[in-house]
Structures are given as C-alpha cells and as structure tokens.
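Written out below as structure tokens is the structure these notes cover.
Laboratory data are not the source of any read-out in this text; all were calculated from the coordinates shown. Everything numeric in this text was worked out from a predicted model, so none of it was measured. No Cβ is skipped: glycine too gets one built from the backbone with ideal geometry, and neighbour counts run over all protein chains shown.
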Amino acid sequence: MITQQKAKMNNELLSVLACPKCKGDVKNSGSFLLCKTCKLAFPVMENKIPDMLLEDAWDLDKAKRHGFRHNFRLTK
Ligand SMILES: [Zn+2]
C-alpha cells in the first residue's frame, strides 16, 4: 500500500495541482478543491487524494448546496 505515503505528499501535491480544464490554481476547501474560474469542485477522497478528473467534478453550486461535503469513496 502506498496510500499513506501519498497522503504525506498531499501538501506538496496541492501546490502543484492545477485545474485540468483551465490549468489554473485550485483552492482547498476541506472535502473539495475548487476552481473558481471553471466553477468546478474536485472531490478529495478520505485519504486526502484529490480526484482531479473532470468527469468526477461537481459544479461549484452543487458543492455549495452540499456544504462542501461529499460521501465519495475510493471504489475504483
Ligand atoms: Zn479551471
């Protein structure tokens, strides 16, 4: 398992992460990384690994309605 190692890298990871759509900065908001430009919210999994796939991203509004919480799990 390399999950713990990945979690440790999270802070460093955040600084290099960019929105896959506009390549802009994303903002950490607890359970989501937010791109204000695209109004997208990328879910962060329970092991702190963000899911930066566009197809998994939520609308910013939807994330807001859910209080920036999600119950996604690492099932893939
Ligand atoms: Zn973007």
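Spin-label pair residue 37-residue 65: with each label point 7 Å from Cα along the Cα-Cβ axis, the two points sit 2.6 nm from one another.
Site pair residue 47 and residue 21 shows an inter-label distance of 2.7 nm when each label is modelled 7 Å from Cα along Cα→Cβ.
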